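Student: First the structure, then my questions, so here it is.
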Amino acid sequence: MLYTTSVVFCLLWISAIVRATGSPFPFTAAQTACKLLNETLPNLVSFPGSQQFDADISHYRIESAQNATCSIEPVTPNDVSNIVKGGGHAYNVGFSSTLGVQISMAKFNNIHFDASTNTVTLGTGLIWDEVYAQLDPLGVTVAGGRVMGVGNGGPSLGGGYSWKTNQVGLTIDTIVSHDIVLPSGEMTHVTSKSNPDLFFALRGGLNNFGIVTAITYIAQPQTEIFGANIIYNQNISDVTKALETFHLTNTDPKAQLIATYASVATQAGSFIVSVNLFYDAPNPPPGTFDAFLKIPSMSNDTKTSTFSGYIARTSTDPGIGPIRQAIHVVPVVKYTVPILEEVVAQVTRIGNTLSAQFNGSIVIVTFSAEPFTDPFAHSRGGAYPHPPSRQVTPAQTLVAIQESAGAAAEPVILQAVKNLSRNVQARAIKEGQSKLNDLLYPNYALSDTPLELMYGSNVARLRSIAKRMDPQDVMGLTGGFKFQ
Ligand SMILES: Cc1cc2nc3c(=O)[nH]c(=O)nc-3n(C[C@H](O)[C@H](O)[C@H](O)COP(=O)(O)OP(=O)(O)OC[C@H]3O[C@@H](n4cnc5c(N)ncnc54)[C@H](O)[C@@H]3O)c2cc1C
C-alpha cells in the first residue's frame, strides 16, 4: 500500500465565499476555488478521474479518505503562498482529508545533510522510509517515526516518538527551525530566536499556524542496529513479566521496544503479542533482551541490519485490504503485570465481542505498550507538554474492522476503542501508574479529545498565538485540533 503525505487546506481564496454563505465547506465554493486555482496554477491542479488526484487523496484507512473536489500539488513555497492567499496518515476523519481542496505536499521531498552544522533539512512531503534510506549511507539519521509509509509532517509537528527517544527526546526536541508559509501568505524561517512564540507553537501545535514547507533537525549518528520482531502466540504471561522487568529496570537509553497485544480474528480466540526489539548499535550488551529472546515464540527474525532495513522489515501490512479503524491513547508511567493482565483481558473480551457481532469480517483489537526509559528527560518544551517531572508513555489502543463490515461498524469501533482505553487506564490508575489528568499524545488522540487533555496549561498561550498569527482564522478551514 502506498501512502502519500498531504496537508488538507481549504483556501483563503474561498474563505470569503465560505464566510458569506456561513457554510464550512459548501460544495459550490469548493468548485469555484478549484476553477480559480486551475486557471492560476494550471499544471498543479488535479480533478477526480485522474491518477494524480487518486494519489493525492489516498489514505491508509478507508474512512479517513474523503472525496475532495480537487487536489493541488505545490512545488515551491511560493506556490504554497499563492494557494494560501487562497491525503495522509492522521487517524481522525477530516484531519488529513477534505471535501474541499486537498493540498498534497508530495513535491516537498528535499533531503539535505549539512555536516558543518550537523543538521538535516527535510521537505515536509516525505515519508520516513525515504528519509532513513537516504541518510543511512551517510552515517546519520533524524529522530523520526518508527513505521514505513508515515509522513514526516505529522510526527514532526505533533510530537514524534522515535527509536531515538530514550537518547534524545521526541522529534520536536531535535528541531532547529521551520520554514513556514503563514496564514497571511508570508514565508518565514522560524527559530527559537527569530520567533520564540511560533517556534514554541510549531512543536506540537500541528497545522494551526500555517503550512510548514521544510524542517531542520539536529542530525543523529546512525550505525547498524540490532533489531527483532518476535511474535508470541503462547507463553503470554512470560512476555508480560519480561515487559514489566524491562520497563522497571532498563537504564540503557539505546534499548527500546514496542509490545503489541493483539486479538486478530475472523472468529473469537486468536491472541498474539508482537514485540519489536531495538538496540541502537549492532550488538546489545548481554542481558538486555535475553528475557524476551528465550521465550518460545511463533516467529523471530532477530538480526543486525541498517536502520532503514529494520524499519522496512518491522512495518508489516496486515494484508487484509481496506479497514475502518480508530485509535486512542492511554497514558501510563510504568507497565506493571496487573496493568498488562488487564490489557490481555480487555483486548480478548472486546476482540471476541466484535468478532461475534461482525461475523465474517476480520476484527483487530490492539494495545501497544511503548515502555520508554525517561522519554521526557531531553524535553525542550513546546506546545505538546512533555515535562521531565511527569514522564507518561503513550500506549496506543486500536480497534479495526475489515471494510466488508460496512459503515455500521464505525460507531461501534469508536465506542470500543474508548472502552478499551478507559478500562485499561482505570486499572493503571488503581496501580498508581496513571492519573485521569495525565496528558494524551495529540497524534494518537481521538478527534473529540479536549484540548486541555493534550496541551494542558499551554492551551491559553496557544490560543493567543493562533489569534495573533491568524486573525482571520484561515487555518480554521482545515481539519484537526483547533485553537480558535
Ligand atoms: C502506521 C503508523 C505509524 C505511526 N508511527 C508513529 C511513530 O512512530 N511515532 C509517532 O510519534 N507517531 C506515529 N504515528 C502517528 C502519527 O504521528 C500521526 O498519525 C500523524 O498524524 C501522521 O502524520 P502524516 O504527516 O503522515 O499525516 P498527515 O495526515 O498528512 O498529517 C497529519 C496532520 O499534520 C498536519 N500536517 C502534516 N504536514 C503538515 C505541514 N507540512 N504543515 C502543516 N501541517 C501539516 C496535517 O494537516 C494533519 O492535520 C503513526 C501513524 C501511523 C498511521
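Student: When the residues of segment 449-484 are filtered to those that are within 12 Å of the ligand (Cβ to nearest atom) and modelled with pLDDT of 95 or more, which remaining residue is farthest from Leu248 (Cα to Cα)?
Tutor: Top of the filtered list is Lys482.
Student: Residue by residue through segment 388-423, note down the ones that are touching a helix residue (DSSP H, G or I) at 6+ places or on another chain (Cβ under 9 Å) and closer than 22 Å to Gln256 by Cα.
Tutor: Thr393, Ala395, Thr397, Leu398
Student: Out of the residues in segment 427-448 that are more than 16 Å from the ligand (Cβ to nearest atom) and more than 11 Å from Thr336 (Cα to Cα), state the one that is nearest to the chain's Cα centre (by Cα).
Tutor: So the residue we want is Asp438.
Student: For segment 155-185, what are the residues that are within 11 Å of the ligand (Cβ to nearest atom) and touching a Lys or Arg at 6+ places or on another chain (Cβ under 6 Å)?
Tutor: Those that are within 11 Å of the ligand (Cβ to nearest atom) and touching a Lys or Arg at 6+ places or on another chain (Cβ under 6 Å): Trp163, Ile172.
Results for (1) of a type in the set (A, V, I, L, M, F, W, C); (2) under 22 Å from Gln433 (Cα atoms), shown as yes or no for each residue.
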{"residue": "Ile323", "(1), (2)": "yes, no"}
{"residue": "His328", "(1), (2)": "no, yes"}
{"residue": "Val332", "(1), (2)": "yes, yes"}
{"residue": "Val337", "(1), (2)": "yes, yes"}
{"residue": "Leu354", "(1), (2)": "yes, no"}
{"residue": "Val363", "(1), (2)": "yes, no"}
{"residue": "Glu370", "(1), (2)": "no, yes"}
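Student: What's the number of the condition Val176 fails, among (1) assigned to a strand (DSSP E or B); (2) over 20 Å from Pro375 (Cα atoms)?
Tutor: That leaves (2) as the condition not met.
Student: Scan segment 140-154 and tell me whether some residue there is more than 11 Å from the ligand (Cβ to nearest atom) and surrounded by fewer than 23 Cβ atoms within 10 Å (Cβ to Cβ).
Tutor: Yes.
Student: List the helices (runs of 4 or more DSSP H) inside segment 278-377, counting only whole elements, that have at least 3 residues being assigned by TED's automatic domain parsing to the domain that holds Val140 and of a type in the set (Asp, Glu). Give the steps one after another, and end with the answer.
Tutor: Details: elements: 290-293, 307-314, 337-357.
Correct list: empty, since no element meets the threshold.
Conditions (1) charged (D, E, K, R); (2) under 23 Å from Gly151 (Cβ atoms); (3) in contact with an Asp or Glu (Cβ under 8 Å, 6 or more places away or on another chain), marked per residue:
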residue: Thr306; (1), (2), (3): no, yes, yes
residue: Val329; (1), (2), (3): no, yes, no
residue: Val343; (1), (2), (3): no, no, no
residue: Gln346; (1), (2), (3): no, no, no
residue: Asn352; (1), (2), (3): no, no, no
residue: Asn359; (1), (2), (3): no, no, no
residue: Thr366; (1), (2), (3): no, yes, no
residue: Ser379; (1), (2), (3): no, no, yes
residue: Pro388; (1), (2), (3): no, no, yes
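Student: Only one of these conditions is not met by Tyr441: (1) surrounded by fewer than 21 Cβ atoms within 10 Å (Cβ to Cβ); (2) out of contact with any helix residue (DSSP H, G or I) (no Cβ under 6 Å at 6 or more places or on another chain). Which number is it?
Tutor: (1)
Student: Which pairs do you get when a residue that is farther than 20 Å from Ile175 by Cα, found in segment 104-115, comes within reach of a residue that is more than 15 Å from the ligand (Cβ to nearest atom), reach meaning Cβ atoms under 9 angstrom, with the pair 6+ apart or on two chains?
Tutor: Short answer, once both residue conditions are applied: Ser104/Ser46; Ser104/Gln52; Lys107/Leu44.
The values are calculated or read from the model by the stated rules, or taken from the named source; none is laboratory data. No experiment lies behind these values; they were computed from the predicted model shown. For neighbour counting, all protein chains shown are included, and Cβ atoms are generated from backbone atoms with ideal geometry for every residue, glycine included.
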